[in-house]
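FYI, it's all coordinate maths here, none of it is from the lab. Please read these numbers as outputs of a predicted model, since none were measured by experiment. All Cβ positions, even for glycine, are placed from backbone atoms using ideal geometry, and neighbour counts span all protein chains on display.
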Amino acid sequence: MKLQLHLACGDYAHTEPVRSGVVPVEGVDLNYIIVGSHELFRRQANFAEFDAAEFSLSTLMILYSRGDTRFVGIPVFPVHRFRHRSIFVNVNAGIQRPDDLKGKRVGVLEFIQTAGVWVRGFLHHDFGVKIEDIDWYIGGLDQPEDDYVERIPVSLPERIRRHSIPPHKSLDGMLEAGEIDAAVVPNAPGSFIRRSPQVRRLFPNYLEVEKEYFLRTGIFPIMHTLVLKREIYEKAPWAAQSLFKAFARAKDLVTQRLSAPAGVRDYYPIPWLSEYVQSTKELMGEHLWAYGLKENKKTLETLAEYALEQSLLERPVAIKDLFAPETHRGAEFGRI
C-alpha cells in the first residue's frame, strides 16, 4: 500500500512532471496542491497543514535554530533568484549607490524573508552597509493589510530598528510618496511596473551586477526548499529520498529540453531563447540549477552565516542537520 501524501508547492515548469504524474514518486500516492508561496509559508510555518511543502529556506533555518524540528528538509530548491534587482528606491531620496542606504528608511515585506536575508548579506559584505545602518519598515507591498505581522514571531536586538507601517498604508504607496526611501521586495512593486517617475531600481544594470556577483562568489541564491513533516519522516524515512529523486528527475526532464536548441526554439514561443540559455550555461556552467547538498554547500552555508549575523538564528545551524540524511548522497539525481 502506498503512502498517502498531500504536498503543497508553487506552479513551476520544473515541478510540473511531478504534479501531472509523468514522474511518479516511488511508494507514494501524491496529491500535489498548488499554493502561492506567500500564503503557503505562513500556513505551513504556523499550522503544518501539509504533509510536505515548498518552504522558505530562511524560515526553516530559523525554526530549527529555535529547536522547532517539525520539518525535515529535502535538498530540492524550486526557486533560485539573484536579488540585486530587488532593491527599489525613491528618486528623491538621494540614493545613487548602495552605501547611500545608510541612515535611510527601507521597507520589507517580512524581516525573515529569504530574499531580504540575501540582500542584507550582500549589502553588508560587498558594500559595507550593516543591518543597523538602516531603519526597517514592515508591511504589505501593494495593498494595505490590517494587523500585518511576520509569518512567525521574531525578536530582534535593539540595534536593529524595525517598525510596522500604518495599517492603512502599503510599502509601494509609501515608496512612491517618499515616506520611505527604498524597498527590498521579491517582485517589482506596482509603482515601478506602471513606470512611476518616482521609483527606480538601485541597480538599473542589475543583469551585469548579478553576473559579476556570480562570477566573483559562485553563489546562485536559493530562496525555497522542500520539507516533509517529521512525524511522517520518522515513520517512512524512505519517503524523503523518493521525493528528492522525483523532483530531481522532473527538473531534469525540463532542463534537458532547454539543452536542445531545436527543442527550445520549437517548444517555447520566445525568440532568441535558445541563445540566451546557451549564454547562461556558458557563464554559470552546465549544472546551474543543481539539487543536493554538495552542489549547493557554499550557497547554503552563506545564507546560514547571513541569518546568524542578522540575529535571526538563536544558535548556529549546521546545514547537514536541516536535511534528511537519506538525501545527503542523492545528489547524482539532482544534476542537469
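For the range 306-320, 3J(HN,Hα) computed residue by residue from phi via the Karplus equation (6.51, -1.76, 1.60; θ = phi - 60°) reads 5, 4, 5, 4, 8, 6, 8, 9, 7, 7, x, 10, 7, 4, 4 Hz, glycine and proline entered as x.
For residue 47, put the label point 7 Å out on the Cα→Cβ axis and report which residues of the range 1-29 keep their amide N under 16 Å from it. Taking a point 7 Å out along Cα→Cβ of residue 47, the residues of the range 1-29 whose backbone N falls under 16 Å are 6-9.
Rounded to the nearest 500 deg cm²/dmol, what is the calculated helix-only ellipticity per residue at 222 nm for the chain, with -39500 (n - 2.57) per DSSP H run of length n ≥ 4?
Details: 13 runs with 126 residues, N = 336.
The helix-only estimate for the chain comes to -11000 deg cm²/dmol at 222 nm.
Compute the relative contact order of the range 84-217 as a whole-number percentage, counting only Cα pairs closer than 8 Å that sit 6 or more residues apart in sequence. If you can, show how the numbers build up before the last one.
Values: 229 pairs, mean separation 51.5, N = 134.
Relative contact order comes out at 38 percent.
Would you grab the residues whose amide H sits under 5 Å from the one on residue 224? Only those 5+ places off in sequence or on another chain, please, with H modelled 1.01 Å from N. The list, which skips near neighbours in sequence, is 57, 79. With distances taken between every two different alpha-carbon atoms, the chain has a Kirkwood hydrodynamic radius of 20.9 Å.
Of 251/294; 169/297; 130/245; 229/294; 2/298; 211/297, which pairs sit farther than 29 Å apart, going by alpha carbon to alpha carbon?
Details: 251/294 18 Å; 169/297 40 Å; 130/245 40 Å; 229/294 23 Å; 2/298 36 Å; 211/297 20 Å.
In this structure, 169/297; 130/245; 2/298 lie more than 29 Å apart at Cα.
In the range 84-217, what % of DSSP beta bridges are antiparallel (nearest 5)? Numbers along the way, then the final one.
Numbers: 6 of 17 bridges.
So the antiparallel bridges in the range 84-217 amount to around 35 percent.
Between 288, 226, 109, the GNM of the chain built on Cα springs shorter than 10 angstrom shows 288 fluctuating the most. With θ taken as phi - 60° and the Karplus curve 6.51 cos²θ - 1.76 cosθ + 1.60 applied, the whole-hertz 3J(HN,Hα) list for the range 284-292 is 9, x, 5, 9, 6, 10, 7, 9, x Hz, x standing for glycine and proline. Only Cα pairs under 8 Å and 6+ residues apart enter the sum, and on that basis the relative contact order of the chain stands at 26 percent. Evaluating 6.51 cos²θ - 1.76 cosθ + 1.60 at θ = phi - 60° for every residue in the range 204-219, the Karplus couplings come out as x, 9, 4, 4, 5, 5, 5, 5, 4, 4, 5, 4, 7, 10, x, 9 Hz, glycine and proline recorded as x.
Once backbone amide H atoms are built at 1.01 Å from N, residue 71 has 230 as its partners under 5 Å, excluding neighbours fewer than 5 places away on the same chain. The long axis of helix 238-259 is offset from the longest Cα principal axis of the chain by roughly 70 degrees. Database remark: amide H of residue 90 closer than 5 angstrom to the amide H of 182 (H placed geometrically; neighbours at sequence offset of 5 or more, or on other chains; Pro and chain starts carry no H).
What list do you get for 180, 87, 319 if you sort them by fewest beta carbons within 10 Å? Let's see the in-between values first.
Numbers: 180 27, 87 20, 319 17.
Ordered from fewest to most neighbouring Cβ atoms within 10 Å, 180, 87, 319 come out as 319, 87, 180.
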